[in-house]
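Enquirer: What follows is a structure written as structure tokens; I'll ask about it next.
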There are 4 protein chains.
Amino acid sequence: MKELGIGIIGTGFMGKAHAFAYRAALAAFPDIPVPRLEMIADVDAASAAKAAHQYGFARSSGNWKDMIADPKIDVISITTPNTLHKDMALAAIAAGKHVHCEKPLSPSLGESLEMVEAAEKRGVNTQVGFNYIKNPLLKLAREMVEAGELGEITGFRGIHAEDYMHDPEGPWTWRIDPSGGPGVIADLGSHIIGMARFLLGEIAEVSADVRTVVKSRPVARGAAERKDVLVDDVARILVNFGRGCGGTIEANWIATGRKMQLGFELTGAKGSLVFTQERLNELLFYKAGQDPRTSGYTKIEAGPQHYPYGQFCVAGGHELGFNDLKTIEMGEFLSAIGKGQTSGPGFREAYEIQKVVEAAIDSSKARNWVKVA
Amino acid sequence: MKELGIGIIGTGFMGKAHAFAYRAALAAFPDIPVPRLEMIADVDAASAAKAAHQYGFARSSGNWKDMIADPKIDVISITTPNTLHKDMALAAIAAGKHVHCEKPLSPSLGESLEMVEAAEKRGVNTQVGFNYIKNPLLKLAREMVEAGELGEITGFRGIHAEDYMHDPEGPWTWRIDPSGGPGVIADLGSHIIGMARFLLGEIAEVSADVRTVVKSRPVARGAAERKDVLVDDVARILVNFGRGCGGTIEANWIATGRKMQLGFELTGAKGSLVFTQERLNELLFYKAGQDPRTSGYTKIEAGPQHYPYGQFCVAGGHELGFNDLKTIEMGEFLSAIGKGQTSGPGFREAYEIQKVVEAAIDSSKARNWVKVA
Amino acid sequence: MKELGIGIIGTGFMGKAHAFAYRAALAAFPDIPVPRLEMIADVDAASAAKAAHQYGFARSSGNWKDMIADPKIDVISITTPNTLHKDMALAAIAAGKHVHCEKPLSPSLGESLEMVEAAEKRGVNTQVGFNYIKNPLLKLAREMVEAGELGEITGFRGIHAEDYMHDPEGPWTWRIDPSGGPGVIADLGSHIIGMARFLLGEIAEVSADVRTVVKSRPVARGAAERKDVLVDDVARILVNFGRGCGGTIEANWIATGRKMQLGFELTGAKGSLVFTQERLNELLFYKAGQDPRTSGYTKIEAGPQHYPYGQFCVAGGHELGFNDLKTIEMGEFLSAIGKGQTSGPGFREAYEIQKVVEAAIDSSKARNWVKVA
Amino acid sequence: MKELGIGIIGTGFMGKAHAFAYRAALAAFPDIPVPRLEMIADVDAASAAKAAHQYGFARSSGNWKDMIADPKIDVISITTPNTLHKDMALAAIAAGKHVHCEKPLSPSLGESLEMVEAAEKRGVNTQVGFNYIKNPLLKLAREMVEAGELGEITGFRGIHAEDYMHDPEGPWTWRIDPSGGPGVIADLGSHIIGMARFLLGEIAEVSADVRTVVKSRPVARGAAERKDVLVDDVARILVNFGRGCGGTIEANWIATGRKMQLGFELTGAKGSLVFTQERLNELLFYKAGQDPRTSGYTKIEAGPQHYPYGQFCVAGGHELGFNDLKTIEMGEFLSAIGKGQTSGPGFREAYEIQKVVEAAIDSSKARNWVKVA
């Protein structure tokens, strides 16, 4: 079986998630190329060393460029802040590495396109961290849409709302530095836009209200000095899908109380689906035309009948968690590399998602509908 | 105690609901003027007679004008199709009757304004059937907003979705005859717009997508001949409230599977509320700043601590139903008449709601934001 | 159409519920004998007079015996404390009145049997206030059991838990005066035992733990003086149904947080049902043998397809409330009287339920299984 | 940092779960001894070899005794059928290995006691696979009980119901071979009994109904020949905890529709908790004495404030899955070994749980209460 040498840049939230996933991928997916855990890099060499030990990687470095030069490394995961993605990705691509990059690709469409074209030209495999759509129940949802089990699709209502920025006295952070690109519409919005595209295909047109609600924040918790907030806190978007149906999408990081309200209600002429990541092992399904006495929404619970749940657990009802979704993501990425196929969502799809983000921002400024170019 | 003679025009779904409510109102609200059940009218005199017997009204008539002329009748409920409301209401007002009218007031803004002005000029009391906001838990929600318990309000997501028109082969009906005015945006949309206004006040501006999804319907179930549908099936609206916050509102009568998805998520800097009429005795409340170890959404169950629940049942957990909400509506209306006060929502408020409906339709045509005049 | 003169004894919680129900019964059920609201009696004549006015009864009295002697009264509802039921019922029966009595019939099996036999001998119609089983969804549940849609029944887990006695410092009240009979096992337990019998038939045998948890209570809120509690706070019962399957039943009035946890999980070889009165318009149904990809528990929402929901509202999703269940109860009672049939549960069934209660108490004392005689 | 060489016997459902967990343990818990993945054994050497490759273990064997003799192995996980546990465990203990064994320890109390005593005598660390109590929210629940946040505990209702044996035509399997010990009461019952003990301590006394519902099964799917079933399908148990409160426990593997109904409702004088493994990242908490207007059950969602959730993910709402619970289990086991402390539940606790199982079976035969010796 072929092996693939793995490197991870970054040791934060996502660096750890990638490490968990690479460690578990082969156990879940026996037929993928064997991930050989080679190196972890972090600007703080001590953190990198600690992480390499903890996550079982052979080596560590304080300089991500060591990874680029290393012939034993075939795949690089980029989990650093957005503004750093491009240089790292371009260097990795130039060296012929396959690249996994956390979303969004970069702060601007132009830079992202540069990344897409570099990867396509060099012919490396890419993946971007839209982990939530790796859920077996979302694969089921997409299959149902594609098989026509819901009839013609007539509406989509998608939301990704959390509350980590809800407190107006919460301090200014890197997360809202405009050099990193837009606010919530890129951070959470890209997940729900990606989910909408995964399920229903292309979004053709948008009309959006993208706004900053908390106009300024203290420079530190409790500080008197405040700094203006220049990025958006909430984005509400009317959408037209290329397939003809309409919908709404909301991204919101001031949704007090919500920790992971990422979900949708998807309606078709013959049925509908309701999902929320708050209960990621459940999918509600309504099928029209059944006995009215006993029909209603059926709560589908994830089980081994929903591939690849069974790769993790042979019995239903045991529940997958977030890290398992990340393992599916990495498993599929490594599998695609092994087969020389595209898994996805790759850089191109991430770029398409970002185009919707940008169109929404443009629409909000222009206060009318904008076509997604 | 003063008495009020009651007349109802119409014996269908809403006629019956009004009858139930007038019959129960005094039992629930001992201090209101005593409703004396005088007459039921219906274009079909036999139906009227049957209804009068069944609902305990003293007399019946096949001609609603008999009611207008009757000095023993003080209050008239209009539950007929929309197109008939205006003439009935104007006649009743001219005769000095207090008028309850089912929503929407009329098919067009101009006619509705005529009704508003007639009522205000004549000084009669009016009420319009926005029954869902009579829920004790919605009174609580409004109180919490007004008392600042949720902090500054930062978002509203409102929906009224049902599925009675979801089947593309469902036949053309009076409900979609354009002479009755717009489609779902008036039928269901007015409820959720009214609820939004009840909770958060004026809607200043809208940007909407109001569309017909099922373009034609068979003239009868199974018929080959089809007739074009000229009214909307779904309306998706971006809104700006006068108070400054944004939100979305959706009205949808092709939402396969939904029987009564009327609800909202209302977010403030210090807390949030979630409600759906599908579980009308529950209100979810999140309060920020609590012990993170044990905080989360609290499911408030309706009980006697939420006035006027206790007028129906002295113990919590027993649950109010739709007809109880209608009883609250009538109780409040009769109480307001007795005190010479305004209860509401009256004709003026119904007109304000209709203005939002019209602005949304205009916006959808113009494809940009429209101010609610 | 025949008329029936109605009298109600008692003006408290249940007196009011009966009044609401008699007022609404004909509106919901057009074919029943017309209830003529004749008299309300209460030991406090002023309360009786006030109630008669408020609930629309023709007359009132401070002496319930006035009702017995009154030839215009055909039906008497007894809503007074348990200890008073027997004398009232026996007098009413002797006078040939049909009798509705709130549960439990009396504090002791012997007295209850006396009531049963008197009614049967005199040939009057009786009903006892087991209102929760009047829910259209419980009718559906029973039909499904009887039609074999769940296969052979293999288990029942029934609960009626509330928390009105949960506070150990809550004062001693009439509710726990042992002269009124047992504690929670009679008060709430009779509801869930009745529901179990309604669904699955006879309970043959029980093994129970019936216990007092709060051993003493202050004589008044905050008082230093305490009085021993002699009745049970919790009853946990293993049951064997006559049909062969086993189950458990719990009655609990110290279930902190629960306002109306009355429900069950009923399992059969081919399907199962889950119900809780906390969401009385919903019934969960699992049907075995369906496509595993999309199967799961289906949430059935009450609608007009579930008789007699449609008598109250022609559209699904609007929800019945507690008072509607009481109206169904009274409608069925009056209908049965009109047809000279038995509706139920009548005195005999209430007595059978009480036998289960007594067997459980005996079992708890003997610490072994006891047959329900 | 100390290392511990790990061996796993068995490559089925639990063998894989252990492998996932050992692979992830250090990434989640940086301070534990480093697990060195040494060997996987299976009676089928090819399976063992494949598993070793897939799960990243250095070596494999077709003979578990190879592990016993191997000085590089410090910890052995036994995931084979129950009947094999004892010999394996005794051999491992004799060789001074620390032992993790899946539950139940053995088919009989006597054999289990032998295992307990051997481990205690030899001084090795033991753990038994009661994984569900490793949930951070169950740690919270236990802390709340112990801190008195729920007041005096007044009741417990525990259930573990699944449906893998619900079909009466499902064939006879090893799972119901009586040589493996009791049926559901050992298989699922031990989980909920263990959870009850984890939360509330010792169970002093039981009165149970333990029964076989499906009396015979075909020897193979569709076969005409049937074989008698000698083990239990459902166990319903009244319990008395040593602390004084009562409760019920049910174990059921014919609960049609249930995939993982493992949970409880735990009631105290000042609050209550509700949990089900079907939604393992949620815990419902009711706190008495709050503002009645806004109080109710609060849904606590697992987050980093609930240790050790944060070891897996720094943000709330992302959800742990079953394999994460298993990782916690292994992390705690290795940590305990490193510190020379007891983690638990170890063999002794598993034996105590089995004593409750046996007492329940005895009680069911004797049809009365039985003290847990």
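The values are calculated or read from the model by the stated rules, or taken from the named source; none is laboratory data. Everything numeric in this text was worked out from a predicted model, so none of it was measured. Heads up, the Cβs are rebuilt from the backbone with ideal geometry, glycines too, and the neighbour counts pull from every protein chain shown. All accessible areas refer to the heavy atoms of the entire protein, side chains included, with ligands and DNA or RNA removed. Shrake-Rupley method; radii C 1.70, N 1.55, O 1.52, S 1.80 Å.
Conditions (1) under 18 Å from the mean Cα position of the chain (by Cα); (2) in the same structural domain as A:TRP174 (by TED's automatic domain parsing); (3) among the small types (Gly, Ala, Ser), marked per residue:
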position	(1), (2), (3)
A:ALA49	no, no, yes
A:VAL75	no, no, no
A:ALA89	yes, no, yes
A:ALA95	no, no, yes
A:PRO107	yes, no, no
A:GLY110	no, no, yes
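Enquirer: Moving on. Taking the condition outside the structural domain of A:ILE185 (by TED's automatic domain parsing), at pLDDT below 95 and surrounded by fewer than 20 Cβ atoms within 10 Å (Cβ to Cβ), does A:PRO71 pass?
Expert: No: the conditions fail for A:PRO71.
Enquirer: Name the pairs whose Cβ atoms lie under 7 Å apart, with the first residue in the range C:318-329 and more than 18 Å from B:GLU282 (Cα to Cα) and in contact (Cβ under 8 Å) with a residue 60 or more places away in the chain, the second aromatic (Phe, Trp, Tyr) and not in a loop (DSSP other than H, G, I, E, B), and 6 or more positions between them or separate chains?
Expert: Correct list of pairs: C:LEU325/C:TYR132; C:LYS326/C:PHE20.
Enquirer: If you don't mind, there's one more thing I want to ask. Filtering the range B:81-121 down to residues that are open to solvent by less than 10 Å² (accessible area, probe 1.4 Å) and touching a Ser or Thr at 6+ places or on another chain (Cβ under 6 Å), which residue is nearest to B:PRO182 (Cα to Cα)?
Expert: The selected residue is B:SER106.
Enquirer: To continue, here is another question. Out of everything in the range C:287-309 that is in a loop (DSSP other than H, G, I, E, B), in contact (Cβ under 8 Å) with a residue 60 or more places away in the chain and closer than 28 Å to B:GLN277 by Cβ, what residue ends up being farthest from the other protein chains (Cβ to nearest Cβ)?
Expert: C:PRO308
Enquirer: Hey, among the residues in the range D:253-286 that are within 10 Å of chain A (Cβ to nearest Cβ) and among the hydrophobic types (A, V, I, L, M, F, W, C), which one's nearest to C:GLY271 (Cα to Cα)?
Expert: My answer is D:MET260.
Enquirer: Scanning the range A:334-345 for residues that are hydroxyl-bearing (Ser, Thr, Tyr) and either open to solvent by less than 10 Å² (accessible area, probe 1.4 Å) or not in a helix (DSSP H, G or I) (or both), which turns out nearest to the other protein chains (Cβ to nearest Cβ)?
Expert: Step by step, filter the range A:334-345, then rank; the result is A:SER343.
Enquirer: Another question, then. Whether any residue in the range B:236-252 is more than 7 Å from every other protein chain (Cβ to nearest Cβ), over 24 Å from the mean Cα position of the chain (by Cα) and over 30 Å from A:ARG367 (Cβ atoms) is what I want to check.
Expert: Among the residues of the range B:236-252, not one is more than 7 Å from every other protein chain (Cβ to nearest Cβ), over 24 Å from the mean Cα position of the chain (by Cα) and over 30 Å from A:ARG367 (Cβ atoms), which makes the answer no.
Enquirer: List every residue pair whose Cβ atoms lie under 7 Å apart, where the two residues are 6 or more positions apart in sequence or sit on different chains, the first residue falls within the range C:50-74 and is more than 14 Å from every other protein chain (Cβ to nearest Cβ), and the second residue, located anywhere, is among the hydroxyl-bearing types (Ser, Thr, Tyr) and surrounded by 18 or more Cβ atoms within 10 Å (Cβ to Cβ).
Expert: C:MET67/C:SER61
Enquirer: Now for a different question. Residues that are away from every other protein chain (no Cβ under 13 Å): which strands (runs of 3 or more DSSP E) entirely in the range C:93-211 hold 2 or more of them? If you could, list the steps in order and put the result at the bottom.
Expert: Details: elements: C:98-101, C:126-128, C:153-161, C:203-211.
Of the strands (runs of 3 or more DSSP E) lying wholly inside the range C:93-211, those with at least 2 residues that are away from every other protein chain (no Cβ under 13 Å) span C:98-101, C:126-128.
Enquirer: Follow-up. Among what's in the range A:203-228 and is open to solvent by 10 Å² or more (accessible area, probe 1.4 Å) and in contact with a helix residue (DSSP H, G or I) (Cβ under 6 Å, 6 or more places away or on another chain), pick the residue that is farthest from A:ASP163 (Cα to Cα).
Expert: Filtering first and then ranking leaves A:ASP209.
Enquirer: Restricting the range B:1-33 to residues that are surrounded by fewer than 18 Cβ atoms within 10 Å (Cβ to Cβ) and under 24 Å from B:ALA69 (Cβ atoms), which is modelled with the highest pLDDT?
Expert: If we take residues in the range B:1-33 being surrounded by fewer than 18 Cβ atoms within 10 Å (Cβ to Cβ) and under 24 Å from B:ALA69 (Cβ atoms), then B:GLU3 is modelled with the highest pLDDT.
Enquirer: Next question, about the same structure. Just checking, how many residues over the range D:131-182 are in contact with a Ser or Thr (Cβ under 6 Å, 6 or more places away or on another chain) and of a type outside the set (Ser, Thr, Tyr)?
Expert: Residues that pass the stated criteria total 5.
Enquirer: Which one of these is open to solvent by less than 10 Å² (accessible area, probe 1.4 Å) and modelled with pLDDT of 95 or more: A:ILE185, A:ILE159?
Expert: Within the list A:ILE185, A:ILE159, the selection yields A:ILE185.
Enquirer: Which residues, taken from the range B:282-296, are surrounded by fewer than 23 Cβ atoms within 10 Å (Cβ to Cβ) and hydroxyl-bearing (Ser, Thr, Tyr)?
Expert: The answer is B:THR294, B:SER295.
Enquirer: Based on this model, can you work out whether D:PRO178 counts as modelled with pLDDT under 95 and within 17 Å of D:ALA350 (Cβ to Cβ)? Break it down into steps so the answer makes sense when it comes.
Expert: Numbers: modelled with pLDDT under 95: yes; within 17 Å of D:ALA350 (Cβ to Cβ): no.
Here the answer is no, as D:PRO178 does not meet what is asked.
Enquirer: Does the range D:233-267 hold any residues that are in a loop (DSSP other than H, G, I, E, B) and open to solvent by 10 Å² or more (accessible area, probe 1.4 Å), and which are they?
Expert: First, the residues of the range D:233-267 that are in a loop (DSSP other than H, G, I, E, B): D:233, D:242-245, D:253-260.
Within the range D:233-267, D:GLY242, D:ARG243, D:GLY244, D:ARG258, D:LYS259 meet the criteria.
Enquirer: Here's another thing I want to ask about it. Scanning for something open to solvent by less than 20 Å² (accessible area, probe 1.4 Å), away from chain C (no Cβ under 12 Å) and farther than 30 Å from C:GLY303 by Cα, does the range B:314-333 turn up at least one residue?
Expert: Scanning the range B:314-333, I find no residue that is open to solvent by less than 20 Å² (accessible area, probe 1.4 Å), away from chain C (no Cβ under 12 Å) and farther than 30 Å from C:GLY303 by Cα, so the answer is no.
Enquirer: What about B:SER47, is it on the phi < 0 side of the Ramachandran plot, touching an Asp or Glu at 6+ places or on another chain (Cβ under 8 Å) and open to solvent by 10 Å² or more (accessible area, probe 1.4 Å)?
Expert: Details: on the phi < 0 side of the Ramachandran plot: yes; touching an Asp or Glu at 6+ places or on another chain (Cβ under 8 Å): no; open to solvent by 10 Å² or more (accessible area, probe 1.4 Å): yes.
Here the answer is no, as B:SER47 does not meet what is asked.
Enquirer: Taking the range B:268-280 as the region of interest, how many residues are open to solvent by 10 Å² or more (accessible area, probe 1.4 Å) and either in contact (Cβ under 8 Å) with a residue 12 or more places away in the chain or part of a strand (DSSP E or B) (or both)?
Expert: 5
Enquirer: Still on this structure, I have one more. Could you give every pair whose Cβ atoms fall below 7 Å, whose first residue belongs to the range D:82-103 and is under 20 Å from D:PHE13 (Cβ atoms), and whose second residue is among the hydrophobic types (A, V, I, L, M, F, W, C) and surrounded by fewer than 18 Cβ atoms within 10 Å (Cβ to Cβ), counting only separations of at least 6 or pairs across chains?
Expert: Nothing qualifies.
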